[in-house]
Amino acid sequence: GAVVSQHPSWVICKSGTSVKIECRSLDFQATTMFWYRQFPKQSLMLMATSNEGSKATYEQGVEKDKFLINHASLTLSTLTVTSAHPEDSSFYICSALPGQLNEKLFFGSGTQLSVL
Amino acid sequence: SQKIEQNSEALNIQEGKTATLTCNYTNYSPAYLQWYRQDPGRGPVFLLLIRENEKEKRKERLKVTFDTTLKQSLFHITASQPADSATYLCALYNFNKFYFGSGTKLNVKP
């Protein structure tokens, strides 16, 4: 099956620093990737849709200048949390949709971000 | 507003019994609905997809039903095992995006 690799698995940073999270599709090309955020015992909240070669589409209430998304190739999307603050601490998960007709989402293993 | 509701309380059942999880939604007209399994600290894993014109879908010990009139999907695990213990999420595909319920935690006791 399709494999999505997400790094790092966890990161601890100081308030005010920026953190980059990488999401790679290892054995398929992902025209679309989605970034989600999840708080403990809560739902996956869709943050943005990332399409290769174009600007990401952000969900209402998600600051695009705060959460920078780059989808420079068909196998790599990155999420950068800029000037992180403690309220940005959360579990971030990427997912990829292989091709246009594939209806299954393949998820990365997630990144636990803790901002001190 | 659009909502996807799953029972937030954990479901505790005995090994060998059938687990039934519910997903209700409002203000969506999804082309299809999916179920995922999520283990602690991990990303969700796809289990089953059912389309709007399908009433039931089966895969091994798993069964999903989809009632677009009631706006409800039921997810069944028969002959449950302790290894089935996890959080199960339903997801709707709408306007090129996937929206998830909050999940129901299933505990299967030996």
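General observations
- Which numbered condition A:GLY1 misses (of (1) within 14 Å of another protein chain (Cβ to nearest Cβ); (2) at pLDDT 90 or above): (2)
- Of all residues in the range B:81-110, those that are more than 12 Å from B:TYR32 (Cα to Cα) and under 15 Å from the mean Cα position of the chain (by Cα) total 14.
- Test for B:ARG51: is it of a type outside the set (Gly, Ala, Ser) and in contact with a helix residue (DSSP H, G or I) (Cβ under 9 Å, 6 or more places away or on another chain): no
To keep it simple, each residue is scored yes or no on (1) within 14 Å of chain B (Cβ to nearest Cβ); (2) crowded, with 16+ Cβ neighbours inside 10 Å.
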position: A:SER18; (1), (2): no, no
position: A:SER25; (1), (2): yes, yes
position: A:GLN38; (1), (2): yes, yes
position: A:ASP65; (1), (2): no, no
position: A:LEU76; (1), (2): no, yes
position: A:THR111; (1), (2): yes, yes
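- Filter pass, B:SER8 being over 26 Å from A:PRO40 (Cα atoms), of a type in the set (Ser, Thr, Tyr), surrounded by fewer than 14 Cβ atoms within 10 Å (Cβ to Cβ) and touching a residue at least 60 places away in the same chain (Cβ under 8 Å): no
- Looking across A:GLN60, A:GLN29, one residue alone is within 12 Å of chain B (Cβ to nearest Cβ), over 30 Å from B:ALA10 (Cα atoms), loosely packed, with under 15 Cβ neighbours inside 10 Å and more than 13 Å from the chain's Cα centre (by Cα). It is A:GLN60.
Residue-by-condition table, conditions (1) within 13 Å of chain A (Cβ to nearest Cβ); (2) surrounded by fewer than 16 Cβ atoms within 10 Å (Cβ to Cβ):
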residue: B:LEU33; (1), (2): yes, no
residue: B:ILE50; (1), (2): yes, no
residue: B:GLU56; (1), (2): no, yes
residue: B:LEU62; (1), (2): no, no
residue: B:PHE66; (1), (2): no, no
residue: B:ALA83; (1), (2): no, yes
residue: B:ALA86; (1), (2): no, no
residue: B:ASN107; (1), (2): no, yes
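- Counted residues, the range A:93-109 - those being under 15 Å from the mean Cα position of the chain (by Cα) and within 10 Å of another protein chain (Cβ to nearest Cβ): 9
- Restricting the range B:29-56 to residues that are in a strand (DSSP E or B) and more than 12 Å from the chain's Cα centre (by Cα), the residue that is farthest from A:PHE107 (Cα to Cα): B:GLU56
- Flag for B:LYS97 being without any contact (Cβ under 8 Å) to a residue 40 or more places away in the chain, within 14 Å of another protein chain (Cβ to nearest Cβ), of a type in the set (Lys, Arg) and out of contact with any Ser or Thr (no Cβ under 6 Å at 6 or more places or on another chain): yes
The values are calculated or read from the model by the stated rules, or taken from the named source; none is laboratory data. Note that the structure is predicted; figures quoted are calculated from it, not measured. So basically every Cβ, Gly included, is an ideal-geometry build from the backbone, and we count neighbours across all protein chains shown.
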